[in-house]
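Colleague: Sharing a structure with you now.
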Amino acid sequence: MAAFALAGALAAGGVDEVFGPVPSPRQLRWQAHEQCMFIHFGVNTFTGAEWGQGKESPAIFDPKELDCRQWVRVAREAGFKGIVITAKHHDGFCLWPSPLTEHSVKAAPWRGGSGDVLRELSAACREAGMGFGVYLSPWDRNNPKYGTGAEYNDYFAAQLRDVLTNYGPVFEVWFDGACGEGPDGHRQEYDWKKFVAVVRECQPDAVIFSDAGPDIRWVGNERGIGCETNWCRLTLSDLFPGIAGRNDELCHGQCDGVDWIQAEADVSIRPGWFWRESESAQVKTPAELVRIWIESVGRGCNLLLNVPVDRRGLIGDADIASLRGFASAIAARTVRDVGSDAEVVVTATETIDTPSTTELRWKASVSPRLIRLEEFVQLGQRVEAFRLESLAADGSWRKLAHATTIGVRRILEVEPMPTRAIRIIVEKSRARARLSRVSVYE
Ligand code: FUL
């Protein structure tokens with residue numbers, strides 16, 4: 001990694017000021033995870049449904065071989081830094097023995113009714129230094145209070161408190177915006193302010209995900225794809241979780257948004273979110289996962305890849321094989337960063353109208369294949385357009401790539417071509433460009 005530019009640019013441009021919103025310490029910590037694993041698991045695993053009705057009998061939940069350490073091992077080998085589990089999906093079945101409902105593992109045959117998936121998973125995560133996160137669906141098709149307004153909101157807040165105070169540190173709380181009708185046809189108005197306050201009080205370091213923050217936003221699609229132009233900015237007062245018809249904005253961000261909100265790109269390794277036998281032949285291939293990685297992590301999102309656990313309580317062989325292929329393909333692409341061998345020349349500019357150029361020069365020729373850029377986002381996201389060029393044998397500069405935003409990170413695949421120099425030309429920036437990393441992989 002060439003972590004040069006900030007110092008170089010500061011020297012050339014003097015002390016810089018913050019431009020627009022910047023990430024909080026908890027957002028920065030989360031950003032560094034880059035990729036995490038999602039796990040959908042619950043009664044749907046045993047019925048084959050994607051959305052349970054809330055009437056499923058807990059008697060069906062019996063994952064006889066459940067082993068959370070296996071999940072964590074698979075996640076770690078694939079390069080994930082955290083796991084987010086569906087503690088409760090829309091059907092209301094709780095994977096922990098919630099004292100607030102009978103619709104939980106308490107009523108299941110698994111471990112004689114004394115099992116607790118959150119306990120086992122949080123312990124396995126802690127043991128391996130893996131982040132532990134929870135998805136808790138506010139939509140609850142089982143609970144009779146759902147649709148009553150304040151009464152249900154108090155119930156959900158208490159359930160949240162239960163999950164967030166009994167299982168150690170939680171790195172991410174995932175709120176699904178889905179809001180269906182209650183048993184009597186009434187809709188529930190969620191009290192997001194209250195829910196957020198509970199998270200802040202019980203787990204101040206956890207980031208909160210929803211369609212619209214307050215810490216991380218949904219990327220606007222369930223294909224795990226970030227937008228080419230991606231601003232880590234939104235004006236939250238203009239949005240709310242579950243908002244419909246704004247997916248494009250969620251994908252691009254709002255370039256003038258007043259809050260720092262990075263996108264999380266979620267996608268399943270299989271067609272559905274929950275495991276079903278019939279989809280075991282449709283697990284995404286390593287090549288498909290690499291493409292998703294380039295278009296999510298490489299476009300400044302964090303990736304949340306769902307790997308559903310099967311009826312045994314294990315991650316299946318097909319999913320493991322694909323994840324291994326994915327991890328080794330990424331490792332092969334990022335094995336050596338020749339950026340650190342380069343002499344770096346930064347031509348920072350005093351004004352934003354003149355392009356600023358960062359040139360990397362090598363003594364011997366290199367063949368870059370993957371280039372990773374990062375802005376120093378602690379001072380705000382700035383770059384709007386840039387191009388990459390490489391020095392040809394005849395001394396002319398050839399275009400390698402042309403792109404828009406950089407932000408948290410930008411990974412570009414380029415046609416390998418031997419060269420002794422490449423340069424990054426920032427063509428348009430909202431304030432003076434500040435790169436904090438340039439990695440060049442052969
Ligand atoms: C959606 C849910 O309705 C799906 O079932 C799934 O959990 C997905 C990640 O979020 O909103």
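Each reported figure results from applying straightforward, stated rules to the coordinates on display, with no laboratory input. These figures come from a predicted structure and were not determined experimentally. Neighbour counts run over all protein chains shown; Cβ positions are idealised from the backbone, glycine included.
Colleague: First select every other residue whose beta carbon is under 14 angstrom from the beta carbon of Pro25; then total the charges, Lys and Arg +1, Asp and Glu -1.
Modeller: Every neighbour counted, the sum reads +1.
Colleague: Taking the Cβ of Asp215 as the center, what net charge do the other residues with Cβ under 13 Å away carry, scoring Lys and Arg +1 and Asp and Glu -1?
Modeller: -1
Colleague: In the stretch 33-333, with Lys and Arg counted as +1 and Asp and Glu as -1 at Cβ, which of these residues, Gly325, Ala87, Gly242, has the Cα nearest the positive end of the dipole, that is, farthest along it?
Modeller: Gly325
Colleague: All other residues with a Cβ under 10 Å from the Cβ of Val408 taken together, and with Lys, Arg as +1 and Asp, Glu as -1, what is their net charge?
Modeller: Cβ neighbours under 10 Å give a net charge of 0.
Colleague: Which value, in debye to the nearest 20, gives the size of the charge dipole of the chain about its Cα centre, when Lys and Arg are +1 and Asp and Glu are -1 at the Cβ?
Modeller: Value, rounded to 20: 1000 debye.
Colleague: Can I ask one more? Roughly how many whole Å is it from the C-alpha centroid of the stretch 362-438 to that of the stretch 94-125?
Modeller: 50 Å
Colleague: So, one more: Going through the stretch 255-360, which GluC sites (Glu not before Pro) have at most 15 other Cβ atoms within 10 Å and a DSSP loop state?
Modeller: When the GluC sites (Glu not before Pro) of the stretch 255-360 are filtered for loop state and at most 15 Cβ neighbours within 10 Å, Glu350 remain.
Colleague: Now, a different point. At a Förster distance of 60 Å, what's the computed FRET efficiency of Asp317 paired with Glu17, Cβ-Cβ distance as r, to 0.05?
Modeller: Efficiency, rounded to the nearest 0.05: 0.65.
Colleague: Which one, Ile60, Ser268, Ile424, is farthest towards the positive end of the dipole of the chain when Lys and Arg carry +1 and Asp and Glu -1 on their Cβ?
Modeller: In the chain, that residue is Ile424.
Colleague: Give, rounded to the nearest 20 debye, the magnitude of the charge dipole that the stretch 125-208 has about its Cα centre when Lys and Arg contribute +1 at Cβ and Asp and Glu contribute -1 at Cβ.
Modeller: 80 debye
Colleague: Moving on. On C-alpha positions alone, give me the angle between the axis of helix 317-333 and the longest principal axis of the chain, in degrees, nearest 10.
Modeller: Roughly 20 degrees, rounded to the nearest 10.
Colleague: Same structure, new question: Which residue, Pro204, Gly182, Trp110, has the largest displacement toward the positive end of the dipole of the stretch 33-333 when charges sit on each Cβ (Lys, Arg +1; Asp, Glu -1)?
Modeller: The residue sitting most towards the positive pole is Trp110.
Colleague: Between Ala385 and Glu65, 0.36 nm times their residue separation minus their Cα-Cα distance comes to what?
Modeller: That pair, Ala385 and Glu65, stretches by 110.0 nm at full extension.
Colleague: Could you list, by residue number, the cysteines of the chain that have no other cysteine's beta carbon within less than 4.7 Å of their beta carbon?
Modeller: Taking the Cβ cut-off of 4.7 Å, the unpaired cysteines of the chain are Cys36, Cys68, Cys94, Cys125, Cys179, Cys202, Cys232, Cys255, Cys301.
Colleague: OK, next. Starting from 0.36 nm per residue, how many nanometres of slack lie between Ala401 and Ala244 once their C-alpha separation is accounted for?
Modeller: 53.1 nm
Colleague: Then there's this: Subtract the Cα-Cα distance of Thr347 and Lys55 from 0.36 nm times their separation in residues, and report this length gain in nm to one decimal.
Modeller: 98.6 nm
Colleague: Ok, one more. Among the lysines, which have Cα under 22 Å from the Cα of Lys81 when same-chain residues fewer than 8 positions away are ignored?
Modeller: Once the sequence-local lysines are set aside, what remains near Lys81 is Lys284.
Colleague: Another one. Tilt of helix 68-77 relative to the longest C-alpha principal axis of the chain, in degrees (0 to 90, nearest 10)?
Modeller: The two axes meet at around 10 degrees.
Colleague: Note down the nm distance, to one decimal, between modelled labels 7 Å out along Cα→Cβ at Leu100 and at Arg161.
Modeller: With each label placed 7 Å out from Cα toward Cβ, I get 0.9 nm.
Colleague: Next question, about the same structure. Please get the size of the charge dipole for the stretch 263-356, origin at its Cα centre, with Cβ charges of +1 on Lys and Arg and -1 on Asp and Glu, quoted in debye to the nearest 20.
Modeller: 540 debye
Colleague: Let me ask something else. Which angle from 0 to 90°, rounded to the nearest 10, does the C-alpha axis of helix 286-296 make with the longest principal axis of the chain?
Modeller: Result, in degrees: 70.
Colleague: Per residue, how big is the convex hull of the chain when only Cα atoms are used? Give it in Å³.
Modeller: Spread over its residues, the Cα hull of the chain gives 135 Å³ apiece.
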